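Visitor: Got a structure for you, questions after.
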Amino acid sequence: MRATAKGDPLPIILLLFGLSLFVSAQSNTAWPEYSQQCRDDAGPPFPDDADTFPNGGKYHDGSAAVPIFQNGECAPKMQKACRERATPIGAYLEGPIDCGDQGWYCRIFVEDGWDNIGLQKDVNFGHCNTTNGFDDAGYDRDGHCHGSSHDSTYYWWIRDHWHRQYNGRLRCCCGWYKDTSTPEISPEPLYNRRIANRCDYRRLVTREENPNDCRDANEDHGLGFDDIGCDPQFIDQIGSPIPEDDSTCWEISKFGDADEDTTRAPTSASAAPSPMDGPPEEDCTEDPKTKFIVKRKGKKNLKKSCKWLGKLGDRNSKKKKNYCKKKKGTKKFDPPRVSCRITCEICDPGEDEDEDEDEDEDEDEDSGDTMNIFD
């Protein structure tokens, strides 16, 4: 065996080699641990990422998204992820978040200089520092709010809403439910009722579940922060900043898929239209032939027209109303409440529309987007 003399560089070389292996292992930590992607989640199938996206198979490669640092470094709850991911933006978009599995909540707002695209179609909350937010638990003009009581769902919600093009400035914080055993991790959870008057929820898809059996982890679970509202005891915070602790929060500028076209005319926050469910009220028009996605059949998308939806209402008004309540669309197809505004009674044109010929079911091959199912 070779003896080492004083000043021999071999031990240092071995140490550096071992350190490099450790850093490499850290940067390649397997995350997410398993797939929680459901059928209605937007974007390509998770197992196909390496083939679908360049540069290591990350859907956000080359995007305009920017992680917001705190004091020149990753936000405290993102520091672990920043050590494990190859880039800070990868850490902020993928996680894992360091919330002690107490969950999280995120809000997306209109951002100056960034086209909000799909965000305006699904605004869903009001802040608990406004009169409207306190007076109406259903007030929904401030942006889009979504959260979960499980940390691991963060990756899947971010991925889904990125591809839905809910574009804007993203702010997330730790904590969903209150009265946890470690309140220092999330001192201001959503359920304290001081942040937002309502918020959607993404449920955990467990390891034991078959993701193919999950239609939509964002719906039909009864776990949303709905019809609860802001706590009246905090009404004196109207007009003041929302009481959040930045040490438990993080932000991303220019969040969302821009279709690789960052040159389009941006939407200014000061000039943005009031968040709404569709076109302006004065634009009360509808093409009876306009299609929307009804459901998925194998690898095909079953589409129906506004004309079909109107006739459905004559036979089954409840089912028609259920279609019309859906807010989520895709890049190519709006939900009925947007594309079939007259049929869904979102607006009244003041006169009867001309009828077109009946249309049969229409199927097309999968375009690569995961379609939203209306059932």
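What follows is calculated from the coordinates using simple rules that are stated; it is not laboratory data. Here the structure is a predicted model, which is why all the values come from computation and not from measurement. In this analysis, Cβ positions are derived from the backbone assuming ideal geometry, glycine residues included, and neighbour counts consider all displayed protein chains.
Visitor: For PHE125, enumerate residues with amide H under 5 Å from its amide H, sequence gap 5+ or separate chain, H modeled in the peptide plane.
Guide: For PHE125, whose amide H was placed from the backbone, the distant partners under 5 Å are ARG141, ASP142, GLY143, CYS145.
Visitor: Turning to a different aspect of this structure: Just grab the label-to-label distance for ILE242 and TRP31, each label 7 Å out from Cα along the Cβ direction, in nm (one decimal).
Guide: Distance between label points: 2.3 nm.
Visitor: Can you work out the PRE-style zone for GLN70? Point 7 Å along Cα to Cβ, and I want the residues of region 172-202 with backbone N under 16 Å.
Guide: Within reach of a label on GLN70: 172-176, 183-190.
Visitor: While we're here: Between GLN79 and ASN322, what length comes free when the chain is fully extended (0.36 nm per residue of separation minus the Cα-Cα distance, one decimal in nm)?
Guide: The span from GLN79 to ASN322 would gain 83.2 nm if fully extended.
Visitor: Quick one: which residues, 5+ away or cross-chain, put their amide H under 5 Å from the amide H of TRP114? H built at 1.01 Å from N.
Guide: Residues meeting the amide H criterion: THR267.
Visitor: With r defined as the distance between the Cβ atoms of ASP49 and LYS295 and R0 fixed at 30 Å, what FRET efficiency is calculated, to the nearest 0.05?
Guide: 0.75
Visitor: Using a Förster radius of 45 Å, what is the FRET efficiency between GLU208 and THR285 based on their Cβ-Cβ separation? Nearest 0.05, please.
Guide: In this case the efficiency is close to 0.40.
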